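The values are calculated or read from the model by the stated rules, or taken from the named source; none is laboratory data. Everything quoted here is computed from the prediction, not taken from an experiment. So basically every Cβ, Gly included, is an ideal-geometry build from the backbone, and we count neighbours across all protein chains shown. Surface areas here come from the heavy atoms of the whole protein model, side chains and all, with no ligands, DNA or RNA. Shrake-Rupley method; radii C 1.70, N 1.55, O 1.52, S 1.80 Å.
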Amino acid sequence: MSELRQNLATKEWYIIATERAKRPMDFNLDDKKREQQEYSTECPFCPGNESLTREHTHEIKMNGKWVVRSVPNKYSALQPEGNRERVDKGVYRKMQGVGYHEVIIESDLHNDNYYKMPVEHIENIIRLYIHRYREFISDEKVEDVIIFKNYGSSAGSSMAHPHSQIIATPIVPTPTRSILESAKRYYDDHGRCAYCQMISEELHEKTRVVTSNEEFVVFCPYASGTPFETWIVPRTHRADFCDIPEDEIHGLAAIMKDIFSRYYYGLEDPDFNFVIKTPPRDESNDRSFHWYIQVFPKITKIAGFELGSGMYINVTIPEENAEFLRAIDIKNIKE
Ligand SMILES: [Zn+2]
Ligand SMILES: [Zn+2]
């Protein structure tokens, strides 16, 4: 029997199709191309090729050389110039594509990857995210800031060099609004943050927890639509990602290295997306929302039913996914 499961915080339903349950070895995991070289002459993100990108907006340096930097996206989805006046034309409405779209160049090495980066380096990536986020949100035209990563061609990435992206939008996207409202309703009903509730349940039950440290817990959500999907959730309640205190940045970097090493070694370096879920402007002190990172490995394809209904069929069981990822002994892997 398959079953439907509902996510406590977001109220989204997912189909867990246990009869179609697959183990990692049943997925086609080996048709990916990865860069082997530390440097590429044609890559605009490699050191020395800075003139191939637009002027950087921020960078963090070590020994006089940049190690992470942000640049405006060459094919920007939104532009800083303009206003966010709604224009009605008959029954339809439009506005200018105002906002920001930047690329975070995550490393000076063309073939770098979270599993092999020093934790201190990942800390710098996080600091750059926070820096750019704060700058965008200080612009009155910006309502929401979305930080995400596409890794590999099936996840939508066209550049091999390690990078992530930030888009600052002049509106609040509808799914964001929906998640916020679900969290608010849960808070009204229970007097408690749904995410805090989920963390204590997961830590108590243990079956879906993949890894944890003092500040963060990583688990496969009870209701999730993607095989091996994980959520990286801070133990301390904080609505806004950018309010993460300096002394927790190390914990976040360490847990990111941990979980992405598990994906790399256990699932043979899958393509993936992640998105940092953080509230839009003016909702950042909300007691009902709790920031987290949602990670979606790309090992199955999205098809018509998912696109049409917004409801996902997960062909794996979250508890089994967690057990598999938990068992990977990342400390004793020899390359
Ligand atoms: Zn490069
Ligand atoms: Zn919370």
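Counting only strands (runs of 3 or more DSSP E) that sit completely within the stretch 29-103, those holding 1 or more residues that are open to solvent by less than 60 Å² (accessible area, probe 1.4 Å) and away from ligand 1 (no atom under 16 Å from the Cβ) correspond to 58-62, 65-72. Going through (1) open to solvent by 40 Å² or more (accessible area, probe 1.4 Å); (2) small (Gly, Ala, Ser); (3) within 16 Å of ligand 2 (Cβ to nearest atom); (4) under 21 Å from Ile276 (Cβ atoms) one by one, Ser182 falls short only on (1). Of all the criteria given as (1) within 23 Å of the chain's Cα centre (by Cα); (2) surrounded by 13 or more Cβ atoms within 10 Å (Cβ to Cβ); (3) more than 16 Å from ligand 1 (Cβ to nearest atom), the one not satisfied by Glu106 is (3).
Determine if the stretch 153-168 includes at least one residue that is modelled with pLDDT under 95, open to solvent by 30 Å² or more (accessible area, probe 1.4 Å), away from ligand 2 (no atom under 15 Å from the Cβ) and in contact with a Phe, Trp or Tyr (Cβ under 8 Å, 6 or more places away or on another chain). Within the stretch 153-168, one or more residues are modelled with pLDDT under 95, open to solvent by 30 Å² or more (accessible area, probe 1.4 Å), away from ligand 2 (no atom under 15 Å from the Cβ) and in contact with a Phe, Trp or Tyr (Cβ under 8 Å, 6 or more places away or on another chain).
Of everything listed in (1) touching a His at 6+ places or on another chain (Cβ under 8 Å); (2) assigned to a strand (DSSP E or B), the single unmet condition for Gln294 is (1).
Scanning the stretch 292-335 for residues that are among the aromatic types (Phe, Trp, Tyr) and over 21 Å from Val209 (Cα atoms) returns Phe305, Tyr312.
For every residue, the table says whether it meets (1) open to solvent by 10 Å² or more (accessible area, probe 1.4 Å); (2) within 16 Å of ligand 1 (Cβ to nearest atom); (3) within 15 Å of the chain's Cα centre (by Cα); (4) touching a residue at least 60 places away in the same chain (Cβ under 8 Å).
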site: Glu215; (1), (2), (3), (4): yes, no, no, no
site: Glu229; (1), (2), (3), (4): no, no, yes, yes
site: Pro234; (1), (2), (3), (4): no, no, yes, no
site: Asp247; (1), (2), (3), (4): yes, no, no, no
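What is the residue count in the stretch 197-212 for residues that are crowded, with 19+ Cβ neighbours inside 10 Å and assigned to a helix (DSSP H, G or I)? So the count comes out to 3. Residues in the stretch 104-118 that are in a loop (DSSP other than H, G, I, E, B), of a type in the set (A, V, I, L, M) and touching a Pro at 6+ places or on another chain (Cβ under 8 Å): Leu109 alone. Here the condition is being within 20 Å of Ile333 (Cβ to Cβ), in contact with a Cys (Cβ under 6 Å, 6 or more places away or on another chain) and away from ligand 2 (no atom under 13 Å from the Cβ); of Thr230, Thr211, it holds for Thr230 alone. When we screen Phe260, Phe228 for residues that are modelled with pLDDT of 95 or more, part of a loop (DSSP other than H, G, I, E, B) and either out of contact with any His (no Cβ under 9 Å at 6 or more places or on another chain) or more than 19 Å from Thr300 (Cβ to Cβ) (or both), the only hit is Phe228.
For the stretch 119-151, a tally of residues being open to solvent by 10 Å² or more (accessible area, probe 1.4 Å), within 22 Å of Met95 (Cα to Cα) and in a helix (DSSP H, G or I) returns 1. Residues that are open to solvent by less than 10 Å² (accessible area, probe 1.4 Å) and touching a Leu at 6+ places or on another chain (Cβ under 7 Å) were ranked within the stretch 254-284; the one that is farthest from Ser158 (Cα to Cα) is Pro279.
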